[in-house]
Amino acid sequence: MRDKELKKRLRALREPAPSTELGSRLERGIPDTLRQPESTGRPWRVWTMPKLAAVAAGTLATTITLWLVTGFILGLFGPPVVANVLAPVAAATDRIQAVHVVLRMLTREGEDFSYVNLGGEPERVEAWIEWPQGPGEPGRARMDKTDRIYNFDGTGTVFYHPKRNEAFQGRGRGIDHDLFWPAAWVRYLRSIPTGEVEVVEHYENGGKGSLVLRQKGAPVDGLDPSFLGDFDREIEVEWNTDTHLLTGLRRWVYHKGQRVLFSELESIDYLESVDDEIFRLDLPGDVRWGGVKDAPIEVLALGPREVAIRFFEAAKSGDRETLELYCGSPSMVDWLLEEAHRPTELLFLGEPFRGGNYPGVYVPCRVRFGKEGRVKEYNLALRNDNHQRRWVYDGGI
Amino acid sequence: MGLSERNLVRRLRKGDRDACRELIRLHHHGVYGYLRRLGAQPSRAEDLTQETYAKAWRRIETLRDAASLRSWLLTIARNEFFQRLRVQRPDAEGCEDLPEIEDPDPGVESEMIDSERDRELRRAVGRLEPALQEAVALHYFQDLSYRETGSVLGIPAGTVKSRIHRALGELRALLEQTEADHERQRAEEAAARPS
């Protein structure tokens, strides 16, 4: 066969087509305002060449001066400060095999480890992690927080909520072990681009090293900051200058001008391995298993708004089976079906939007609840990082 | 970029929502098809198409450097696909290869109503090594130039050209082999038929 014919045949092959709704789903995802990269100010034609040259020269001179001044102040002309200072700490902590850490964190029940519970009391969080010992090895991890236990025994994950006597099972690791892995903390700090972090203090004496950094939070588009990444924050790292192992970590968030301690490393033990017993979870015989159920095909294509509507409709009509399709927590379903909390009317449903570091979307809604007809406004949190990639309720009520 | 594409880029960069709709209309089939070709199942490919456009809206400013709108979108789609692959397979760090699929995607075939000849060609493309397969998919199925294909794959246009050249050679050999097998089968059937 000649090349020409083969090329013609290849060009004529059709690729598979998506569902007919995909186009409209994509259109619904167009944000109200797109980030505009360029100023749309005065058109170029009114600029004469001499004027352009003068402005360009002026701008260049100002930029160079500012760059030099800022650079010398921040020490930007050597290798990046944070990466440099923490290089031996990163190397030492990277050699660790297992760790047991205890932290005190400003988190709260029902939220994940990065939620900042402003005004609350610090909670104890304990973690044991065994890092993978070689390629293909999964490692093991367990984290205990007041209201939940996360356990990955090397084969599967279990989240257990003792108060609700509810458990969720998964095949993979479930959560990122980096959250409690000292080498990952150091790696992260070293990876922050120089322009996004400010070195507040650095010293090494008496066998101890310390580095204090300031970092900007991600914009949350009108929402109150809730997760660590949403806040402007300050991080203090301490290490032993002989072993170079990390010995301390404190993180503060800035809220309304106040510096609030978010988390503090209470203790850290570097280990060879973790006792098998730690990763053995004995759950009560009557534990209720939750999770995202397999849904029929027509449910998979639903966008967040449609899911929110069906979620409220099912709760309103007391349809437990449908409600369980959109809400993986049996205890949440029970709560929603109680007369006092049951939605009676969906008054408003806005456009889904993303905010901060939350991996899902928020759907603004106004709902009438219970016998007294109380009206409340929520940002219903929905996420689709489940095995079916479909939207399900994650919180907000 | 052609004149109409430049105009669309200009409108996109100004935040024109109609231009966004046009970008979806023009290219979402291509993005979806490419993701299917990379090995994503239908629902995953649709999700990734959504993610691709969501990221595109946030990255309008990177459009300036793109070889074309289509290659820009396909680059984002490719990154999203491999990123997801890495997230799913945390132990397979640095895995940059396409998923190993003998017949690249039986699902792709089942969705199409092809002639026998097209099916054979599609099957033959699926037997190419992943790097060649992807070059063929971008250059022929997505109609990208060598330069645009290179910008999606992050390789020089010359490398694309040589991959395409190799792919065509291997495809020709595979198709000739299939044809020879058919011939032999026909001959055996004719010999077995009572005269």
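Does A:Pro343 satisfy the condition of being surrounded by 19 or more Cβ atoms within 10 Å (Cβ to Cβ) and under 30 Å from B:Trp57 (Cβ atoms)?
Values: surrounded by 19 or more Cβ atoms within 10 Å (Cβ to Cβ): yes; under 30 Å from B:Trp57 (Cβ atoms): no.
Criteria not met by A:Pro343.
If you check A:Gly119, A:Gly154, which single one turns out to be in a loop (DSSP other than H, G, I, E, B) and either touching a residue at least 40 places away in the same chain (Cβ under 8 Å) or under 21 Å from the mean Cα position of the chain (by Cα) (or both)?
That would be A:Gly154, the only listed residue that is in a loop (DSSP other than H, G, I, E, B) and either touching a residue at least 40 places away in the same chain (Cβ under 8 Å) or under 21 Å from the mean Cα position of the chain (by Cα) (or both).
Residue by residue through region A:252-276, note down the ones that are surrounded by fewer than 17 Cβ atoms within 10 Å (Cβ to Cβ), among the small types (Gly, Ala, Ser) and either under 23 Å from the mean Cα position of the chain (by Cα) or part of a loop (DSSP other than H, G, I, E, B) (or both).
Residues satisfying the conditions are A:Gly257, A:Ser273.
Among the candidates B:Thr149, B:Thr159, single out the residue that is part of a helix (DSSP H, G or I), closer than 22 Å to B:Ala40 by Cβ, of a type in the set (Ser, Thr, Tyr) and not assigned by TED's automatic domain parsing to the domain that holds B:Asn79.
B:Thr149
Among all residue pairs at least 6 apart or on different chains, which show Cβ distances below 6 Å where the first residue, located in region A:10-32, is facing chain B (nearest Cβ under 7 Å) and the second is among the small types (Gly, Ala, Ser) and not in a helix (DSSP H, G or I)?
A:Arg25/A:Gly303
Rundown of residues vs (1) in contact (Cβ under 8 Å) with a residue 12 or more places away in the chain; (2) of a type in the set (D, E, K, R), yes/no style:
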residue	(1), (2)
B:Arg127	yes, yes
B:Leu132	yes, no
B:Leu138	yes, no
B:Gln142	yes, no
B:Val152	yes, no
B:Arg166	yes, yes
B:Leu171	yes, no
B:Leu175	yes, no
B:Ala180	no, no
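Against the condition closer than 28 Å to A:Ile397 by Cβ, among the aromatic types (Phe, Trp, Tyr) and modelled with pLDDT under 95, how does A:Phe279 come out, does it pass?
The answer is no for A:Phe279.
Suppose the filter is touching a residue at least 40 places away in the same chain (Cβ under 8 Å) and within 14 Å of chain B (Cβ to nearest Cβ); does A:His177 pass it?
yes
Return the residues of region B:138-173 that are among the aliphatic types (A, V, I, L, M) and surrounded by fewer than 18 Cβ atoms within 10 Å (Cβ to Cβ); say none if nothing qualifies.
The first filter runs over region B:138-173 and keeps only residues among the aliphatic types (A, V, I, L, M), leaving B:138, B:144, B:152-153, B:155, B:157, B:160, B:164, B:167-168, B:171, B:173.
Those that are among the aliphatic types (A, V, I, L, M) and surrounded by fewer than 18 Cβ atoms within 10 Å (Cβ to Cβ): B:Ile155, B:Ala157, B:Ala173.
Of everything in region A:277-297, what is loosely packed, with under 10 Cβ neighbours inside 10 Å and free of Cβ contacts under 8 Å to residues at least 40 places away in the same chain? Give them in sequence order.
Within region A:277-297, the subset loosely packed, with under 10 Cβ neighbours inside 10 Å is A:277, A:282, A:285-286, A:296-297.
Correct list: A:Glu277, A:Asp282, A:Gly285, A:Pro296, A:Ile297.
So which residues in region A:131-150 are in a strand (DSSP E or B) and either in contact with an Asp or Glu (Cβ under 9 Å, 6 or more places away or on another chain) or of a type in the set (Lys, Arg) (or both)?
Hits for region A:131-150 are A:Arg140, A:Ala141, A:Arg142, A:Met143, A:Asp144, A:Lys145, A:Arg148, A:Tyr150.
Going through region B:7-40 one residue at a time, which ones are under 21 Å from B:Leu153 (Cα atoms), more than 9 Å from every other protein chain (Cβ to nearest Cβ) and modelled with pLDDT under 85?
B:Leu38, B:Gly39, B:Ala40
Residues to consider are A:Cys365, A:Cys327; find the one that is within 19 Å of A:Asp32 (Cα to Cα), in contact (Cβ under 8 Å) with a residue 24 or more places away in the chain and within 27 Å of the chain's Cα centre (by Cα).
Values: A:Cys327 fails: within 19 Å of A:Asp32 (Cα to Cα).
Sole residue among the options that is within 19 Å of A:Asp32 (Cα to Cα), in contact (Cβ under 8 Å) with a residue 24 or more places away in the chain and within 27 Å of the chain's Cα centre (by Cα): A:Cys365.
Name the helices (runs of 4 or more DSSP H) wholly inside region A:300-397 in which the number of residues that are touching a Pro at 6+ places or on another chain (Cβ under 8 Å) is 2 or more.
Ranges flagged: A:304-316.
Restricting to region B:107-146, count the residues that are over 16 Å from B:His165 (Cβ atoms), at pLDDT 85 or above and not hydrophobic (A, V, I, L, M, F, W, C).
Number of matching residues: 2.
The values are calculated or read from the model by the stated rules, or taken from the named source; none is laboratory data. Values in this document were obtained by computation on a predicted structure and should not be read as measured data. A quick note on method: Cβ atoms are made from the backbone with ideal geometry, for glycine too, and the neighbour counts reach across all protein chains shown.
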